[in-house]
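A.B. asks: Mind looking over this structure? Questions follow.
Derivation of every value follows stated rules applied to the coordinates shown; laboratory data play no part. Small disclaimer: the values here were computed from a predicted structure and weren't measured. Positions of Cβ are backbone-derived with ideal geometry, glycine not excepted, and every protein chain shown enters the neighbour counts.
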C-alpha cells in the first residue's frame with residue numbers, strides 16, 4: 001500500500017493565477033463514501049495531470065471523459081451494481097512512470113463523487 005504525501009507545485013513565483021487546488025497533489029490511500037442512494041446514478045470526476053486509474057470496491061472504472069492536462073476533467077461512471085448497500089471504497093491504481101521528470105508525472109488534484117439528477 002502506498003502512502004499519500006501531499007505536495008504542491010509552484011509556478012511563476014506564485015504569480016500564476018491558477019486554481020489553488022490545481023497546485024496541490026496527492027494520491028489518497030482510500031476514500032470511503034457511505035449513505036449513497038442505491039437507485040441513483042453516480043459519476044466520479046477528477047482533475048489533475050496525466051493518468052488516473054480509479055477503482056470502486058476493487059473494480060476498475062472506465063472513463064467517458066479523459067483530459068490529461070492540468071485542469072482537465074476525467075469522468076468515470078460508477079456502476080450501480082457496485083453500491084447496492086450504499087457504500088463504496090475508492091482507491092487508485094499506481095501510475096508507473098519510470099524515468100519521467102517529477103514535474104510532469106501524473107498527479108491527482110481534485111476528486112468528486114457526483115449524484116446525477
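A.B. asks: Report the paramagnetic label zone for residue 30: residues of region 93-117 whose backbone N is under 16 Å from a point 7 Å from Cα along the Cα-to-Cβ axis.
C.D. replies: Answer for this model: 93-94.
A.B. asks: Ok, one more. Identify the residues of region 34-58 with backbone N under 12 Å of a label point that sits 7 angstrom from the Cα of residue 89 along the Cα-to-Cβ direction, or state none.
C.D. replies: 56-58, by backbone N distance to the label point.
A.B. asks: Additional query: So if the hydrodynamic radius of region 27-117 is defined as the Kirkwood radius over C-alpha pairs, what does Stokes-Einstein give as its diffusion coefficient at 37 °C and 0.692 mPa s, in µm² per second?
C.D. replies: Here the translational diffusion coefficient equals 240 µm²/s.
A.B. asks: Here's a follow-up. Modelling each spin label as a point 7 Å along the Cα-to-Cβ direction, I'd like the residue 112/residue 37 distance in nm, to one decimal.
C.D. replies: Rounded to a tenth, the inter-label distance reads 1.7 nm.
A.B. asks: Sticking with this structure for a sec: Rank these for me by crowding, 92, 76, going from fewest to most other beta carbons within 10 Å.
C.D. replies: By the 10 Å Cβ count, ascending: 92, 76.
A.B. asks: At what distance in nm do the modelled label points of residue 58 and residue 72 sit from each other, each positioned 7 Å from its Cα along Cα→Cβ?
C.D. replies: For the pair residue 58/residue 72, the computed spacing is 3.2 nm.
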